[in-house]
Amino acid sequence: METPETLTLKTLRELPIGARLLIRSKTDWRSAVVSQFAIEKVIISVCSPTGRTYRLRRASEAEIIFDGGIPILKIESDEDWRENFTKYDFRW
């Protein structure tokens with residue numbers, strides 16, 4: 001996933017509340033928002049394809065990489081997020 005346009009710049013705790021980012025769920029990539037900071041954890045609200053949201057807790061030291069200007073929570077695989085991004089509502 002490391003390309004010349006992709007830089008490792010920050011950790012999750014360095015993003016402000018309200019910052020949007022992409023995360024990998026079990027099946028696809030989803031958009032999310034940093035919603036709260038707890039002790040050694042960051043709480044992220046994730047958008048689901050059904051229109052609902054759910055919360056995840058991640059370590060505050062989790063790496064964030066940037067693809068251009070898009071922050072992405074770093075994962076182990078080399079999958080490109082553009083190939084499997086969630087379609088939320090086909091009417092829009």
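Here, each number is a calculation from the coordinates, and none is a lab measurement. What you see is a predicted model; the values in this text were computed from it and never measured. FYI the Cβ positions are ideal-geometry reconstructions off the backbone, even for glycines, and counts take in every protein chain you see.
Assorted remarks:
- Filtered trypsin sites (Lys or Arg not before Pro), region 25-55: DSSP coil and at most 13 other beta carbons within 10 Å: Lys26, Arg52
- Using θ = phi - 60° in the Karplus curve 6.51 cos²θ - 1.76 cosθ + 1.60, the 3J(HN,Hα) couplings for region 73-84 round to 6, 5, 10, 6, 7, 9, 5, 8, 5, 5, 7, 9 Hz; x is entered for Gly and Pro.
- Relative intensity, log₁₀ I(q)/I(0), of region 6-73 from a Debye sum that treats every alpha carbon as a point, q = 0.20, 0.25 Å⁻¹: -0.76, -1.15
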